[in-house]
1. Using a 1.4 angstrom probe on heavy atoms only, work out the carbon and sulfur share of the accessible area of the stretch 24-176 in %.
2. To the nearest 10 square angstrom, how much accessible area does Tyr99 have with a 1.4 angstrom probe?
3. Quick check for the stretch 88-213: number of Lys pairs with alpha-carbon distance under 25 Å, counting only pairs 8 or more apart or on different chains?
4. Over the chain, give the accessible area per residue in Å² for a 1.4 Å probe, as an integer.
5. From the C-alpha gyration tensor of the chain, pull out the three semi-axes of the equivalent ellipsoid (sqrt of 5λ each), sorted largest to smallest, in whole Å.
6. Can you list the DSSP H helices in the chain whose Cα atoms extend at least 20 Å along the helix axis and whose mean Kyte-Doolittle hydropathy is -0.5 or higher?
7. Starting from the amide H of Ser188, placed 1.01 Å from N in the peptide plane, find each other amide H under 5 Å away whose residue is 5 or more places distant or on another chain.
8. Counting each DSSP H run of 4 or more residues in the chain as -39500 (n - 2.57), what helix-only mean residue ellipticity at 222 nm follows after dividing by all residues, to the nearest 500 deg cm²/dmol?
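The values are calculated or read from the model by the stated rules, or taken from the named source; none is laboratory data. Treat the numbers as computed from the prediction; the structure is a model and nothing was measured. Please note: Cβ atoms are built from the backbone with ideal geometry, for glycine as well, and neighbour counts cover all protein chains shown. With ligands, DNA and RNA removed, areas are computed over all heavy atoms of the protein, side chains included. Shrake-Rupley method; radii C 1.70, N 1.55, O 1.52, S 1.80 Å.
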Amino acid sequence: MAKTLFNITGRVALITGSARGLGFAMARALGEFGARLALFDMDNTGLQSAAKTLSTDGFEVLTLQGDVTNINDVTKCVKNIINKYNSLDIVVNNAGIVYTTPAEDMSLKEWQHLIDVNLTGVFLVSQAAGRQMIKQKSGNIINIASMSGIIANFPHPQCSYNASKAGVISLTKSLASEWAHHNIRVNSISPGYMNTELAATVAKKTRLHSTMA
Ligand SMILES: NC(=O)c1ccc[n+]([C@@H]2O[C@H](COP(=O)([O-])OP(=O)(O)OC[C@H]3O[C@@H](n4cnc5c(N)ncnc54)[C@H](O)[C@@H]3O)[C@@H](O)[C@H]2O)c1
């Protein structure tokens with residue numbers, strides 16, 4: 001039933017940060033519903049291993065190594081997808097990082113790096129994909145925000161992460177309203193805790209920082 005209702009056979013899906021964690025799981029799920037996959041990640045070893053697993057399981061996979069903060073990598077990524085598949089139908093903006101540093105100790109460099117990856121990266125990938133989707137007159141962009149974009153989890157010292165995810169939620173609304181007339185849908189998802197390397201890092205470092213531990 002679900003497979004019929006959500007059939008996306010032949011659609012081309014780009015998933016950023018798909019070498020592991022939620023990105024890898026979402027790539028597999030999209031493949032299970034029929035999508036042709038484009039995996040994008042800065043970790044080339046993880047990327048090749050993820051691609052091997054998915055192609056062994058019968059999915060069509062293209063791997064693209066790059067950094068979502070690098071406009072040249074992002075432009076090249078979309079170009080390579082179009083060269084191979086001739087369209088780009090679905091984008092999951094999933095790549096993200098977290099720093100668990102108390103606000104009073106955070107350096108400007110660390111703050112800016114997190115905003116670059118979690119917010120500017122979503123903008124750059126959406127812009128490059130959006131230009132193609134405008135030409136196609138269709139597309140679907142899904143941004144992975146977080147419940148931390150709506151609430152401040154306590155006692156986690158992760159103000160830059162929370163601010164970036166609030167930004168992702170706001171950016172999503174802006175792009176959705178700007179691009180609706182091009183037949184492009186833009187939505188965000190705000191997961192709670194998922195057992196990944198990112199969440200494990202937060203749990204470990206929060207215990208170190210917390211006076212409640
Ligand atoms: N795990 C959770 O509990 C949770 C909860 C809410 C939201 N999220 C969000 O889900 C997304 C995925 O998180 P996860 O837990 O799977 O993390 P993860 O650390 O397991 O995986 C993140 C992936 O993104 C890649 N990546 C990081 N920076 C990149 C960059 N600049 N360019 C390209 N790739 C990059 C990493 O190499 C890695 O493969 C993130 O946006 C995260 O904020 C996670």
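1. 54
2. Counting only protein heavy atoms, Tyr99 exposes about 60 Å² to solvent.
3. Here the count comes out as 8.
4. 52
5. Those come to 29, 19, 16 Å.
6. 71-85, 121-136, 159-179
7. Correct list: Asn143.
8. Value at 222 nm, helices only: -15000 deg cm²/dmol.
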